[in-house]
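Before any comments, here is the structure.
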Amino acid sequence: MSPDTADLKQQAAWYAVQFVEVGMVVGLGHGSTAIHAVRRIAQMLQDGALTDILGVPCSLQIEEEARRLGIPLTTLEKHPVVDLTIDGADEVDPNLDLIKGGGGALLREKIVAQASQREIIVVDVSKLSPALGTRWSVPVEVAPFGWRSQIAYLESLGATVALREEADATPFITDQGNMILHCNFGPISAPSRLAAKLNERAGIVEHGLFVGLATDVIVASAEGISHLKRGESDARN
């Protein structure tokens, strides 16, 4: 019987946790795959298999869960360099560039990723894609002031844009008090070029294109675990 998606997510996350070492500052990612890593770290701390680590949560939700599980936490103000972060992704291309932020935590996730010496992404095999944007839209976090003015700009770049909403049709608000526009660009031929266009626009706080940030991608499939590393041209083979 082949493993279901939840099992694969857990396998990828547990594999990544083996790289957490005593004394590390560890980024705790947000999302349905990364949460397995958070819970595994907590279990290892409780069992004594891991000691003397500090976590930097990528969202308020993960901060709350980590506190509940007894993981000691810190901040980037106290520890501006993160040894290792374990996080998930919505889509991964052959260059190990990513779309992230489907859970709405992309700003904090990118801040922590940029502060990390090693960014390990954990996914099940369904997240692999020939090109970013093939299966997933790009979340774009925008300031509430003038947010509608961003739509025309994003459409001029080729996106179909939709405001992220809660179940009651009110706008989704991020941990930083911003809004999310889901932007469907279709397959993106040059993610770095699109990222630069998004970066130069006032009012766009951050976007879900994570280009050049992942050092490792752990992929779980029915055939087992694959460990892809940035710079290895044959990583997908």
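The values are calculated or read from the model by the stated rules, or taken from the named source; none is laboratory data. Note that the structure is predicted; figures quoted are calculated from it, not measured. So basically every Cβ, Gly included, is an ideal-geometry build from the backbone, and we count neighbours across all protein chains shown.
Values as computed for the structure displayed
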quantity: Leading residue by the ranking (surrounded by the fewest Cβ atoms within 10 Å (Cβ to Cβ)) among those in the range 1-27 that are more than 29 Å from HIS79 (Cβ to Cβ) and of a type in the set (Ser, Thr, Tyr); calculated: SER2
quantity: Any hit, the range 131-138, residues being surrounded by 15 or more Cβ atoms within 10 Å (Cβ to Cβ) and either part of a strand (DSSP E or B) or in contact with a helix residue (DSSP H, G or I) (Cβ under 6 Å, 6 or more places away or on another chain) (or both); calculated: yes
quantity: Filter result (basic (Lys, Arg), part of a helix (DSSP H, G or I) and either without any contact (Cβ under 8 Å) to a residue 24 or more places away in the chain or under 14 Å from LEU213 (Cα atoms) (or both)) within the range 109-130; calculated: LYS110
quantity: Residue in the range 196-215 that is in a helix (DSSP H, G or I), aliphatic (A, V, I, L, M) and on the phi < 0 side of the Ramachandran plot present; calculated: yes
quantity: When residues of the range 156-185 are limited to those that are over 20 Å from the mean Cα position of the chain (by Cα) and in a loop (DSSP other than H, G, I, E, B), the one surrounded by the most Cβ atoms within 10 Å (Cβ to Cβ); calculated: ALA159
quantity: Exclusive hit being within 17 Å of ARG39 (Cβ to Cβ), in contact with a helix residue (DSSP H, G or I) (Cβ under 9 Å, 6 or more places away or on another chain) and either in a helix (DSSP H, G or I) or not assigned by TED's automatic domain parsing to the domain that holds GLY224 (or both), set ILE71, ILE62, ILE86; calculated: ILE62
quantity: The range 208-230: number of residues that are within 17 Å of the chain's Cα centre (by Cα) and among the small types (Gly, Ala, Ser); calculated: 4
quantity: Output for the range 167-197, where each listed residue is among the hydrophobic types (A, V, I, L, M, F, W, C) and touching a residue at least 60 places away in the same chain (Cβ under 8 Å); calculated: PHE172, ILE180
